[in-house]
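Input: a single structure, listed below in structure tokens.
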Amino acid sequence: MNLLTSIVQYLRSSKAELQKVTWPSRKETIRYSVLVLTVSVVVAAFFATLDFGLGKVVTAALEKRDTLKAATTEEEQMPVTAPVETTPTFELNDESPTLVPIDVETTPSETPTP
């Protein structure tokens, strides 16, 4: 029964303390509620504006970096062409038993001598 007595005593003391509290009037409660909502909206607008502005700054910086990077890499890159697969063709010269490729341009100094 000691537990039941302590619970009842707690509830009685809580009721006595709540009767000592001075509660705000209805008008004060509405005024404070409007103040809290107004401050919340102003702070939310401030942080939304800050977030939007910083997002734009970061996006612009990244786009500028990508533009500079793309311009640099285009200058550094050599044009890539697909390898052309050709089968060399040879011509047998009647004067010489040496095979000379037809598709290779040779100067007179590079012509093989028999």
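Couple of notes before you dig in:
- Single residue of Val58, Val84 found to be within 57 Å of the chain's Cα centre (by Cα), in a loop (DSSP other than H, G, I, E, B) and either at pLDDT below 95 or exposed (fewer than 10 other Cβ atoms within 10 Å of the Cβ) (or both): Val84
- Set Ser6, Ser109, Ser96: member being at pLDDT 70 or above and small (Gly, Ala, Ser): Ser6
The values are calculated or read from the model by the stated rules, or taken from the named source; none is laboratory data. This is a predicted model, so every value here is computed, not measured. Because the Cβ atoms are built from the backbone with ideal geometry, glycine has one as well, and the counts that use them run over all protein chains shown.
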